[in-house]
Every structure is written in C-alpha cells, then in structure tokens.
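I have placed the structure first, in the form of structure tokens, so that the comments after it can refer back to it.
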Amino acid sequence: VALKVPGPHGDFLVACARNIQQAREVKGGKLTFQVGPTVYRGLWIVDGNFILETARYLGFDDGARQGLETTWQHQRSNGGVFAGGGEGMWKDTGIALFTLVRQSELSQDWSYFRSMQPNVARAVKFLEAKRDDARTDGSVNGRYGLLAPGVGDGGLGGTRSEFTNTLWALAGLKAVTEAMERLGLPDPAGAKQFYSELRSAFFAAARQEMRRHPDGFDYLPMLVSEDALWTASNEWDRPRPQTAQWALSHAIYPGLVFERNDPIVQGHIRLMQACTQENIPAETGWLPHGGVWNYNAGFAAHVYLWAGAAAWARSTFTGYLNHASPLYCWREEQPLRGSLSATYIGDMPHNWASAECILYLRHMLALEDGRSLRLLAGVGDFELAGGEPKSLTQSPTRFGRVDLSLEPLDRHDGWRMKFQRGTGPAPENVHIPATLGSAWQFRKVTGAEVRAQRNTLLVTPTAPAWEAVWQS
C-alpha cells in the first residue's frame with residue numbers, strides 16, 4: 001500500500017504519517033490512534049473516524065481494525081457511544097455508525113459489521129430516543145422533530161437547539177441503512193424509517209432557518225434563530241455565521257446527505273468562500289475573532305473538491321499547508337497574522353489535522369463519490385507543473401483496491417494514467433477529466449470504452465485495467 005506524490009506534498013505526506021504513528025498508544029489491550037500527545041491524548045469519536053480512514057490509506061490495516069473495536073468499546077448500555085467529546089455529543093453515535101461502515105468498505109471485510117448488528121440496533125434506538133425525548137422537552141429542536149438539544153462543538157458550546165448532532169446522525173444512518181440493504185440484512189431497529197423521518201424533519205427545519213448573509217446569499221446557521229446567543233448584549237459574544245459549520249461540511253462530504261445543487265450546499269460553499277482569510281476559512285471555531293481553526297480548511301477543501309470547484313479546493317488546501325509549523329504539523333487553532341488576539345487552542349501536533357492532509361492527497365487522485373469513482377479530480381496545472389509522477393498502490397476504496405499512476409509521456413508532450421482495480425463491487429461510474437490542467441486534452445483510452453458527459457469522461461466501470469492519455 002503506497003501513496004506517492006512529489007515535492008512538498010510528499011514531504012507533508014511523510015510527516016503526517018509520522019505524526020499519527022507517534023501518538024498511538026495501547027489501552028485496554030487495543031491500539032488507540034490518539035488525537036494528540038498532551039491535551040488530546042485520548043480517543044475522540046469524530047477525530048477517530050478520519051484518522052482510522054487515513055490509517056487504511058497508509059496500509060495500517062491491523063491498527064485500524066483495533067481502532068474500530070476501541071471506538072465501539074465506548075458504547076454504553078443505552079446504545080449511545082461517548083468518548084472524549086463527553087455528554088451532549090449525540091452525533092458521536094451517528095459517527096460511530098459511519099465509521100463502522102467506512103472501515104468495512106475499505107477492508108472489504110463485512111464480518112465485523114455483521115457481528116455488530118445488535119450494537120447497531122441499540123445505537124439507532126438511542127438516536128431515535130433522543131429525537132423522541134425532544135418532542136416533549138419544549139425545545140425548538142423538539143418542535144422541528146430533530147434530535148434533542150446538544151453540544152454543537154467547533155465554537156458552539158453548551159446544550160442548545162442546533163443542527164450539528166442531527167446532521168452527523170443523518171450521515172451515520174444513511175451509511176448504515178444503505179450497507180444493510182446491500183448485504184441483505186434485516187433492519188430490526190427500523191433504521192431506514194427513522195432516517196427517512198429525521199431527514200424530512202431536518203429539511204423542513206432548514207427551510208425555516210435559512211438566513212440571509214450580508215454578502216447577499218442564503219445559508220443555514222448551525223444554531224437556531226431563537227437562541228439567545230444571537231442577541232447577546234456584547235456583540236463579540238454572538239456567533240459568527242460560519243460558527244460550527246464543520247458538521248455541515250462533513251454531512252456534505254463524506255456524508256453525502258445532500259445533492260450538489262441543494263441550496264444548503266450552495267449556501268455553505270458561499271459561506272466558506274466569504275469567510276476565507278489567508279486562503280483558509282477563518283473564525284469558524286472557538287476563536288471567533290481574528291483566528292483560524294486550521295484543519296477546518298481540510299473539511300472545506302473536500303467540499304470544494306466534491307462539488308467540482310477544483311480551484312477553490314487547491315487554493316484552500318495550499319493555504320492549509322502554509323499554516324503548518326516548520327515540522328509539518330498543525331496547532332488546532334491560532335491567530336491570524338496581525339490579529340490582536342494571542343490565544344491558541346488545542347493540541348500540537350493535532351492528528352486530525354495530519355489525517356486531513358493525507359486524505360486530501362489521496363482524494364485528489366481518487367475520490368469516492370457514492371457509487372462513482374472520480375479519478376484526478378484535484379489534479380491541475382499546479383500538480384502537473386513539476387512534470388513528476390504520482391501514484392497509488394493498492395489503495396483501498398469501497399470498490400476494492402486500486403493502482404493508479406500518472407506519469408509524463410516521453411518528451412513531456414503529455415500524460416499517461418494507468419489504472420487497475422482489484423476484487424470488489426464495481427462502481428456505477430468511473431470519471432476522468434476531459435482536460436487535464438489547462439493544456440492537456442484527452443486523446444485515447446486503451447483497455448476500456450469511454451464516452452463524454454459534460455466536462456468529464458466516463459470509462460467502462462467494469463474494466464479491470466486500462467490506460468488513458470492526454471496530450472497538448
């Protein structure tokens with residue numbers, strides 16, 4: 001298993017892999033991928049989801065398996081999953097469901113998922129109970145039919161009527177219900193029906209809660225409009241429009257709760273662009289004035305990449321790398337240059353930050369988009385400028401392991417991509433760009449058929465191995 005990218009990207013890849021490995025620790029007989037070495041020396045469910053996915057991309061399959069088991073050791077008798085985030089993070093149960101599915105996809109081994117069906121059922125019933133509790137608590141969330149008020153995190157503290165818990169619950173429920181359907185497993189907890197009800201309630205609530213941004217677009221705040229924080233006497237205590245939008249980023253990608261043209265998605269993208277400073281989203285977390293939550297840039301970059309905004313994805317990811325320390329790691333939150341604030345938040349190095357870097361480098365070459373596989377979606381002039389090869393070797397996907405190499409042709413008058421996919425369910429579509437960067441036009445595919453679809457090309461999804469060429 002290998003991911004090879006040249007130049008500074010490759011240096012970051014090695015450094016981030018090192019950061020993640022150095023923070024591992026055996027606890028209770030299981031290897032735990034920890035978020036950091038000091039402040040966050042422990043397990044956080046959401047951080048763990050992305051760190052464990054990264055572990056698979058690096059070939060640490062046994063460690064990732066142990067990490068998944070460690071995650072589910074935090075399930076309580078009521079079905080809820082809680083770790084470092086503490087009480088009120090109802091979303092952690094939904095994230096644990098999502099992680100269970102994603103790890104099964106990447107390993108192509110569903111035996112643990114099958115064995116965990118009683119735990120899955122209890123987790124679904126726990127989330128449903130949090131929805132039912134809210135119906136009688138007099139809260140705004142209860143009136144909307146969402147999960148009970150909880151902790152938003154990412155700049156939104158305290159127990160409040162907010163959307164982050166419901167958003168991650170939707171992502172987890174969607175993943176687990178689709179997996180059970182594909183495997184032909186029964187649904188004793190009624191997860192599919194609950195997902196449908198919660199999804200309908202969320203979209204109805206979102207229509208009521210969309211707000212107009214001063215820049216002239218509509219977006220969905222993560223805190224309901226009736227919350228007293230919006231009218232706090234000290235204006236600096238009020239949330240920013242971009243506060244706690246992290247969970248919406250994740251529900252968009254990798255959660256795939258929304259279609260690309262959904263007004264919620266379009267508003268979120270406009271909001272992330274509007275708050276960009278130093279090439280990354282600013283004031284999105286616990287430093288609401290003159291600060292940046294560094295690895296939040298990784299979330300935004302993935303949303304841009306998935307949405308087809310490759311230039312924004314590249315700019316944001318590059319801005320993210322430029323906020324690393326000289327040792328190629330990140331503090332969670334820090335001041336902007338020239339900020340009058342000198343506050344720092346979180347651990348250093350922060351390993352969710354390291355994971356976001358590695359995830360993006362893999363996804364710019366091979367991005368799983370539901371039942372589609374998008375190749376080279378993040379590769380443009382910047383990545384091609386050095387004329388050096390890039391490759392994936394046995395990189396795990398939900399479609400099986402893939403090999404991919406992108407190399408310059410002789411005399412550097414074009415590029416050749418070689419692709420091979422191993423055992424696994426075939427994707428419904430395989431996308432490659434019609435134009436690679438601004439200079440290289442698609443010429444041919446050998447070993448498969450190809451047809452045009454808008455500005456991309458569709459390659460025979462069942463073809464096990466093929467080559468594509470772009471030339472000037």
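Figures for the structure shown
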item	result
Residue in region 340-360 that is among the aromatic types (Phe, Trp, Tyr), open to solvent by 10 Å² or more (accessible area, probe 1.4 Å) and more than 22 Å from Val265 (Cβ to Cβ) present	yes
Index of the failed condition, Trp90 passing every other in (1) in contact with a strand residue (DSSP E or B) (Cβ under 7 Å, 6 or more places away or on another chain); (2) farther than 20 Å from Arg160 by Cα; (3) in contact (Cβ under 8 Å) with a residue 40 or more places away in the chain; (4) open to solvent by 10 Å² or more (accessible area, probe 1.4 Å)	(2)
Test: residue in region 190-201 that is open to solvent by 10 Å² or more (accessible area, probe 1.4 Å), touching a residue at least 12 places away in the same chain (Cβ under 8 Å) and among the acidic types (Asp, Glu)	yes
Selection status of Val101, within 17 Å of Asn49 (Cα to Cα), surrounded by 18 or more Cβ atoms within 10 Å (Cβ to Cβ), of a type in the set (A, V, I, L, M, F, W, C) and more than 21 Å from the chain's Cα centre (by Cα)	no
Long-range neighbours under 6 Å by Cβ, at least six apart or interchain, first residue closer than 12 Å to Gln73 by Cα within region 24-36, second hydrophobic (A, V, I, L, M, F, W, C) and buried (at least 19 other Cβ atoms within 10 Å of the Cβ)	Thr32/Leu43
Selection from region 155-170 of residues that are surrounded by fewer than 23 Cβ atoms within 10 Å (Cβ to Cβ) and of a type in the set (Gly, Ala, Ser)	Gly157, Gly158
Condition broken by Arg314, with the remaining ones in (1) open to solvent by less than 10 Å² (accessible area, probe 1.4 Å); (2) assigned to a helix (DSSP H, G or I) satisfied	(1)
Spans of helices (runs of 4 or more DSSP H) in region 1-95 with at least 3 residues in contact with a Phe, Trp or Tyr (Cβ under 8 Å, 6 or more places away or on another chain) and more than 30 Å from Ser405 (Cβ to Cβ)	45-57
Given (1) touching a Leu at 6+ places or on another chain (Cβ under 6 Å); (2) over 16 Å from Ala310 (Cα atoms), number of the condition Ala377 does not satisfy	(2)
Any hit, region 298-306, residues being open to solvent by less than 10 Å² (accessible area, probe 1.4 Å), assigned to a loop (DSSP other than H, G, I, E, B) and not acidic (Asp, Glu)	no
Given (1) in contact with a strand residue (DSSP E or B) (Cβ under 6 Å, 6 or more places away or on another chain); (2) surrounded by fewer than 21 Cβ atoms within 10 Å (Cβ to Cβ), index of the condition Leu43 fails	(2)
Some residue of region 423-435 being within 29 Å of Asp109 (Cβ to Cβ), open to solvent by 40 Å² or more (accessible area, probe 1.4 Å) and acidic (Asp, Glu)	yes
Residues of region 67-84 classified as within 21 Å of the chain's Cα centre (by Cα) and open to solvent by 30 Å² or more (accessible area, probe 1.4 Å), total	2
Some residue of region 258-280 being among the aliphatic types (A, V, I, L, M), in a loop (DSSP other than H, G, I, E, B), at pLDDT 95 or above and open to solvent by less than 20 Å² (accessible area, probe 1.4 Å)	no
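Results for (1) more than 25 Å from the chain's Cα centre (by Cα); (2) free of Cβ contacts under 8 Å to residues at least 60 places away in the same chain; (3) assigned to a strand (DSSP E or B), shown as yes or no for each residue.
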| site | (1), (2), (3) |
| --- | --- |
| Tyr360 | no, no, no |
| Gln394 | no, no, yes |
| Ser405 | no, yes, yes |
| Trp415 | yes, yes, yes |
| Gly424 | no, no, no |
| Ser438 | yes, yes, no |
| Ala448 | yes, yes, no |
| Ala452 | yes, yes, yes |
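The values are calculated or read from the model by the stated rules, or taken from the named source; none is laboratory data. Please read all numbers here as calculations on a predicted model, not as lab measurements. Please note: Cβ atoms are built from the backbone with ideal geometry, for glycine as well, and neighbour counts cover all protein chains shown. The area values use the complete protein model at the heavy-atom level, side chains included, leaving out ligands, DNA and RNA. Shrake-Rupley method; radii C 1.70, N 1.55, O 1.52, S 1.80 Å.
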